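Beneath this line is the structure, given in structure tokens, with notes to follow.
The values are calculated or read from the model by the stated rules, or taken from the named source; none is laboratory data. All of these numbers come straight from a predicted model, not from anything done at the bench. For neighbour counting, all protein chains shown are included, and Cβ atoms are generated from backbone atoms with ideal geometry for every residue, glycine included. Only protein heavy atoms, including side chains, enter the accessible area calculation; ligands, DNA and RNA are left aside. Shrake-Rupley method; radii C 1.70, N 1.55, O 1.52, S 1.80 Å.
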Amino acid sequence: MSDFSEELIRSKTEDDQEESCVLSGTGMYFPWLQKHIDTVETGGKKEKDFAQTTSACLNRIQEALLKHQWPQAAGYMHSYFQILEDSDSHKRQAAPEIIWKLGSEILFYHPKSNMETFNTFADRMKNMGVMNYLKISLQHALYLLHHGMLEDANRNLSRAETWRYGEKSSSQEVLINLIQAYKGLLQYYTWSKKKMELSNLDEDDYAYNTASQTMLNHSWKTSVNLGALIQTPGVWDPFVKSYVEMLEFYGDQDGAREVLTNYAYDEKFPSNPNAHVYLYNFLKREKAPREKLISVLKILYQIVPSHKLMLEFHRLLKKSEKKDHHKLGLEVLFGVLDFAGCTKNITAWKYLAKYLRQTLMGNHLAWVQEEWNSRKTWWPSFHFSSFWAKSDWKEDIALACEKALVAGILLGKGCRYFRYICKQDHQVLRKKIRRIRKSVKKHSIVNPGL
């Protein structure tokens, strides 16, 4: 083990307690806060106060982490290990998890840390309280995955998968399922690589049959490992996507549909926009009826009205034969543009400009007024100020023209945004600006007869 690992991980000995500071073999300075261990500042009196000492250490660790002072944090961490001897049983039981979270963060970023250091620290912490073993094993595996050590991560997960400790193991069933699921993801990764290899082989080739059998074995193992987790309420996006991809590959469309439907609609699961996105994309691949696609996106709209699929939702609604779908199509466009992240979305503005004219020509002025009434107090400054007119014209003339048309229809020819754009002397766009003026004159809801 490296000097750094020894300094950070080893428990304090009697000899350690007699020293005031340590300069390790790696040249790292470890302030042991001896003054805080033996004499906490309490009105000038020197008296040992265990609780104040550990609190002082923790505060300094947190401050060092915030400032990315990893060597200093490591030094304070060494002193914080005394929390494991706290007379308060609650603090003592909570200490291993705190030490693990702080220590792993320090070791991840410390310039003198290495893989051996982290692995040693993780192995020591796993056995410091039986309830921490699975959680630390999983986080250790993720660290190994981050560094591309897939085989080491898989071995780590395999050891954790078989962990049992009397009745306590049942209380950690979800963690065990999660560990098995991450094993499943690793198997999916291998399966996915074999799938790529298979696409480059001739079906009559012996190598094709070998690769195909290997894929089948991995898919079976993956489905076993993922199956339990995705039935447990939670957000399991990467696991669900991997599982569904394999089901589809082997032609189990019904199984894939069932998994995605449960993931999206089961009330025991938390609300998750991605669940509806996955189901929609699957149904789209299956060429499901338009009504079915609309029903899925309608729920997504209620959760995330600014989602990128909302423009696709609008197109589906517009193609529908139902009048209430046409009305909802207008609502969806307004809803998208309510969000700051969508203000520069030229496609959304094009759709709104075109659909406003279609809606008004279809004698549905009330639909437009209904949407506009709740926005007329804030959209003018949010979208149609003089500042935005100048900025949009400078950055994206096409966007400015689309917005000018919408502004004119909703606010009339007196709108600052509309006036500014129409005054611009742009030889190429003169015809377009004339068309914008004519459309506003014909369709403006401020004064339809203008």
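Only residues that are without any contact (Cβ under 8 Å) to a residue 24 or more places away in the chain, under 22 Å from GLN187 (Cα atoms) and loosely packed, with under 15 Cβ neighbours inside 10 Å were counted across region 245-273, and they come to 1.
Within region 359-378, can you find the residues that are assigned to a helix (DSSP H, G or I) and in contact (Cβ under 8 Å) with a residue 40 or more places away in the chain? Spell out how you get there, then give the answer.
Initial filter on region 359-378 (assigned to a helix (DSSP H, G or I)): 359-361, 365-373.
Result: LEU360, MET361, LEU365, TRP367, VAL368, GLN369, GLU371, TRP372.
Only a single criterion out of (1) basic (Lys, Arg); (2) within 30 Å of HIS90 (Cα to Cα); (3) surrounded by fewer than 18 Cβ atoms within 10 Å (Cβ to Cβ) is not satisfied by LYS126, namely (3). Exactly one residue among LYS91, LYS112, LYS101 is open to solvent by 50 Å² or more (accessible area, probe 1.4 Å), modelled with pLDDT of 90 or more and basic (Lys, Arg), and that residue is LYS101.
Residue-wise test of (1) more than 12 Å from HIS314 (Cα to Cα); (2) among the hydroxyl-bearing types (Ser, Thr, Tyr); (3) surrounded by 21 or more Cβ atoms within 10 Å (Cβ to Cβ).
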position: LYS327; (1), (2), (3): no, no, no
position: LEU333; (1), (2), (3): no, no, yes
position: PHE339; (1), (2), (3): yes, no, no
position: CYS342; (1), (2), (3): yes, no, no
position: ASN345; (1), (2), (3): yes, no, no
position: TYR351; (1), (2), (3): no, yes, yes
position: ARG357; (1), (2), (3): yes, no, no
position: HIS364; (1), (2), (3): yes, no, no
position: GLU370; (1), (2), (3): yes, no, no
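The set of residues from region 372-421 being surrounded by 15 or more Cβ atoms within 10 Å (Cβ to Cβ), within 35 Å of the chain's Cα centre (by Cα) and basic (Lys, Arg) comprises ARG375, LYS403.
Tell me the residue from SER320, SER295, SER242, SER306 that is open to solvent by less than 60 Å² (accessible area, probe 1.4 Å), among the small types (Gly, Ala, Ser) and within 30 Å of TRP388 (Cα to Cα), please. Steps first, answer last, please.
Details: SER320 fails: within 30 Å of TRP388 (Cα to Cα); SER295 fails: within 30 Å of TRP388 (Cα to Cα); SER242 fails: within 30 Å of TRP388 (Cα to Cα).
Residue meeting the stated conditions: SER306.
The set of residues from region 138-149 being open to solvent by less than 60 Å² (accessible area, probe 1.4 Å) and either hydrophobic (A, V, I, L, M, F, W, C) or in contact with a Leu (Cβ under 7 Å, 6 or more places away or on another chain) (or both) comprises LEU138, ALA141, LEU144, LEU145, MET149.
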